[in-house]
Amino acid sequence: MTEPPAIGSYVADTERNKIGQVMANDRDLLQLQPVDGGLEWDAKPNTVRPATLEEVLSAKVKAANNRPRWGQ
């Protein structure tokens, strides 16, 4: 990635094969949070790329499907 990703944008971490939202951007590391929340992880800027709309939507649907349902 030539331009650092903006805070709040979604990226694909190619090392972990995960979609994450950029929470912090240091020169050497990005802090990413899973789409469904949870623990953040660090990624090197050169191992991420902008996530496609399809990847983000797929990750959000997967997260929604994994949430407990009311009344169960």
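Bear in mind that the values in this text are calculations on the coordinates, not laboratory data. Quick caveat: nothing in here was measured; it's all calculated off a predicted structure. Cβ coordinates were reconstructed from backbone atoms using ideal geometry, including for glycine residues, and neighbour counts include every protein chain displayed.
Within segment 30-57, if we keep just the residues that are in a helix (DSSP H, G or I) and in contact (Cβ under 8 Å) with a residue 12 or more places away in the chain, the residue that is surrounded by the fewest Cβ atoms within 10 Å (Cβ to Cβ) turns out to be N46. Can you find, within segment 58-72, the residue that is nearest to the chain's Cα centre (by Cα) among those that are basic (K, R) and surrounded by 10 or more Cβ atoms within 10 Å (Cβ to Cβ)? Step by step, filter segment 58-72, then rank; the result is K60. Would you please name the residue that is farthest from the chain's Cα centre (by Cα), looking only at residues in segment 7-29 that are loosely packed, with under 11 Cβ neighbours inside 10 Å and of a type outside the set (D, E)? Selected residue: R27.
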